[in-house]
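The values are calculated or read from the model by the stated rules, or taken from the named source; none is laboratory data. A quick note: this is a predicted structure, and the numbers were derived from the prediction, not measured. Using ideal geometry, Cβ is built from the backbone for each residue, glycine included, and neighbour counts are taken over all protein chains shown. Note: areas computed on protein heavy atoms with side chains; ligands, DNA, RNA excluded. Shrake-Rupley method; radii C 1.70, N 1.55, O 1.52, S 1.80 Å.
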Amino acid sequence: MKFEEKKFELSGREVILRPAKHEDAQTLVDYLKTVCGETRFLLCDPEEIKYTAESEVGFIDGKNDAEDSMLILAFVDGEYAGNCSFEPVGDRNRARHRADLGIALFQRYTGLGLGRLMLTELLDGAKKCGYEQIELTVVGGNDRAYHLYESLGFTECGRIPNANKYKDGTYADDIRMVKEL
Ligand SMILES: CC(C)(COP(=O)(O)OP(=O)(O)OC[C@H]1O[C@@H](n2cnc3c(N)ncnc32)[C@H](O)[C@@H]1OP(=O)(O)O)[C@@H](O)C(=O)NCCC(=O)NCCS
């Protein structure tokens, strides 16, 4: 489902939330490489990002055309700040009522209330798509994200100990959270 562009004000800054366009493809690839290097809380190391502008065009079309997915890009005072999305957990009949959510902002746009704003819109979109529940994985120690999800009504429902092993030899759990829509 394609998100309809909306404008907000956040602490005196203009925020535009809108769907992705083909011309955003390279920006999305560059963003992924940057955000994956900024935090250990995303799913991989920056060098593992193999997407290209061409492959991102397909990704953008897939998100905009699908009735069961949504991608929202955020711009703060005209600068790209990050995105959030949901998609079906799987294509089996028994899982069709469940969506999976993801979000990542550049570090310089965190802590402004943007994540809350974006997720509020995204959750509304998931509800309109007919999903009954929405789920996510958050890495243990990502206290800001955990707090935000909990305050939006997500509850912890499971944990995989030491799901992530980092180059420095340390580990972090994966925490699964769910919210009824
Ligand atoms: C996680 C993320 C999406 C949150 O978005 P955000 O815009 O930074 O979050 P917001 O400013 O909307 O809200 C953060 C909330 O956490 C609180 N918070 C901040 N730091 C915290 C901490 N260390 N412990 C607990 N709560 C914290 C804030 O007070 C705020 O809560 P409040 O609205 O009740 O006051 C964003 O920080 C991000 O993209 N981080 C990097 C990538 C990432 O971790 N993605 C999530 C993967 S699951």
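If the only charges are +1 at each Lys and Arg Cβ and -1 at each Asp and Glu Cβ, what is the size of the charge dipole of segment 1-71 around the Cα centre, to the nearest 20 debye? Intermediate values should be presented prior to the final figure.
Values: 10 positive and 17 negative charges, 53 e Å.
Roughly 260 debye for segment 1-71.
At a Förster radius of 30 Å, what calculated FRET efficiency corresponds to the Cβ-Cβ distance of Thr155 and Glu47, to the nearest 0.05?
After rounding, the FRET efficiency stands at 0.30.
Work out from phi, with θ = phi - 60° and the Karplus expression 6.51 cos²θ - 1.76 cosθ + 1.60, the ³J(HN,Hα) of each residue of segment 93-100, listed in order in whole Hz, and give x for Gly and Pro.
Computed from phi, the couplings for segment 93-100 are 3, 6, 10, 5, 8, 10, 10, 10 Hz.
Mind jotting down the distance between the C-alpha centroids of segment 63-93 and segment 151-175, whole Å?
Between the Cα centres of segment 151-175 and segment 63-93 lies a distance of 23 Å.
For an R0 of 41 angstrom, estimate the FRET efficiency from the Cβ-Cβ distance between Asp68 and Asn162 and round to the nearest 0.05. Don't jump to the answer; show the numbers that get you there.
Numbers: r = 33 Å, r/R0 = 0.79.
Here the calculated transfer efficiency is 0.80.
Please compute the length gained on full extension between Glu5 and Phe75, using 0.36 nm multiplied by the number of residues separating them and subtracting their Cα-Cα distance. Spell out each step's value before the answer.
On the way: separation 70, 0.36 × 70 = 25.20 nm, distance 1.10 nm.
Stretched out fully, the Glu5 to Phe75 stretch lengthens by 24.1 nm.
At a threshold of 8 angstrom on Cα-Cα distance, excluding pairs fewer than six apart, so keeping six or more, what relative contact order does the chain reach in percent?
Numbers: 320 pairs, mean separation 33.3, N = 181.
It comes to 18 percent, rounded to a whole number.
Using +1 at the Cβ of each Lys and Arg and -1 at the Cβ of each Asp and Glu in the chain, identify which of Thr27, Val138, Gly37 lies farthest towards the dipole's positive end.
Val138
Using the structure shown, select from Lys63/Lys167; Lys2/Lys128; Lys2/Lys33 the pairs with a Cα to Cα distance greater than 21 angstrom.
On the way: Lys63/Lys167 33 Å; Lys2/Lys128 12 Å; Lys2/Lys33 25 Å.
Correct reply: Lys63/Lys167; Lys2/Lys33.
Under the rule of -39500 (n - 2.57) per DSSP H run of 4 or more residues, summed and divided by the residues of the chain, what mean residue ellipticity at 222 nm is obtained, to the nearest 500 deg cm²/dmol? The partial results should precede the final answer.
Numbers: 4 runs with 51 residues, N = 181.
Only helices count here, giving -9000 deg cm²/dmol.
When N is the residue count of the chain, what does its C-alpha Rg come to as a fraction of 2.2 N^0.38 Å? Spell out each step's value before the answer.
Numbers: Rg = 16.0 Å, N = 181, 2.2 N^0.38 = 15.9 Å.
Relative to the 2.2 N^0.38 Å estimate, the chain comes out at 1.01.
Given H placed 1.01 Å from N in the peptide plane, which residues other than close sequence neighbours of Asp174 have an amide H under 5 Å from its amide H?
HN-HN under 5 Å from Asp174: Gly140, Ile160, Asn162, Ala163, Asn164.
Give the accessible surface of the chain per residue, rounded to a whole number of Å², with probe radius 1.4 Å and ligands, DNA and RNA excluded. All intermediate terms of the calculation are to be shown ahead of the outcome.
On the way: 9880 Å² over 181 residues.
On a per-residue basis, 55 Å².
Could you please report the charge total around Ala53, scoring K, R as +1 and D, E as -1 over all other residues with beta-carbon less than 14 angstrom from its beta-carbon? Walk me through the numbers before you get to the answer.
Details: positive: Lys21, Lys33, Lys50; negative: Glu23, Asp24, Asp30, Glu54, Glu56, Asp61.
Around Ala53, the charge tally is -3.
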